[in-house]
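The values are calculated or read from the model by the stated rules, or taken from the named source; none is laboratory data. These numbers come from a predicted model, not from an experiment. Reconstructed Cβ throughout: ideal geometry from the backbone, glycine too, with neighbour counts over all protein chains shown. Calculation scope for accessible area: heavy atoms of the full protein, side chains included, ligands and nucleic acids excluded. Shrake-Rupley method; radii C 1.70, N 1.55, O 1.52, S 1.80 Å.
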Amino acid sequence: VLAVPVLFKQALENTEMEEGKSVSLRCELTKADATVVWKKGEAALQASAKYEMKQKGTVAELLIHNAEPEDA
C-alpha cells in the first residue's frame, strides 16, 4: 500500500505585522489532521504564551502573540 503524501493546497503567505499585536499564519493541507510542525529556521516552535498552534481538518494555523521584529 502506497502512502499518499501530504501537500500544501494553500501555502503560507507573507504577512505584515504590527509590533505588539497578534498575527495569524495559516496554511491548508491536502490531508485532514496531518502532523504539522511550525519552525523558525531550524528550530521547532513549542506552544507557549507567545505561540499558539491550532489545527482543524486541513487548516493549520500559528498565532504569534505580542509580535516582535525578531518573529520575522
How large is the accessible surface of THR30 in square angstrom, using a 1.4 angstrom probe and rounding to the nearest 10? 70
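Ordering LEU12, LEU2 from largest to smallest accessible area (1.4 angstrom probe), what's the sequence?
Putting LEU12, LEU2 in descending order of accessible area: LEU2, LEU12.
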Efficiency by 1/(1 + (r/R0)^6): what FRET value for LYS54 and VAL4, r their Cβ-Cβ distance, R0 = 22 Å, to the nearest 0.05? 0.40
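Viscosity 0.890 mPa s, temperature 25 °C: what is the translational diffusion coefficient of the chain from Stokes-Einstein with a Kirkwood Rh over Cα pairs, rounded to a whole number of µm²/s?
Values: Rh = 13.3 Å.
Roughly 185 µm²/s, to the nearest whole number.
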Give me the 1.4 Å probe accessible area per residue for the chain, excluding ligands and nucleic acids, in Å². 78
Put a dot 7 Å past each Cα toward the Cβ at VAL37 and GLU61; how far apart are the dots in nm? 2.4
List every residue whose amide H lies under 5 Å from the amide H of LEU45, counting only residues 5 or more places away in sequence or on a different chain, with H placed 1.01 Å from N in the peptide plane. TRP38, LYS39, LYS40
Around VAL23, what is the net charge, scoring Lys/Arg as +1 and Asp/Glu as -1 over all other residues with Cβ under 9 Å from its Cβ? -2
Could you check how much of the accessible area of region 8-71 is carbon and sulfur, as a whole percent, using a 1.4 Å probe? 47
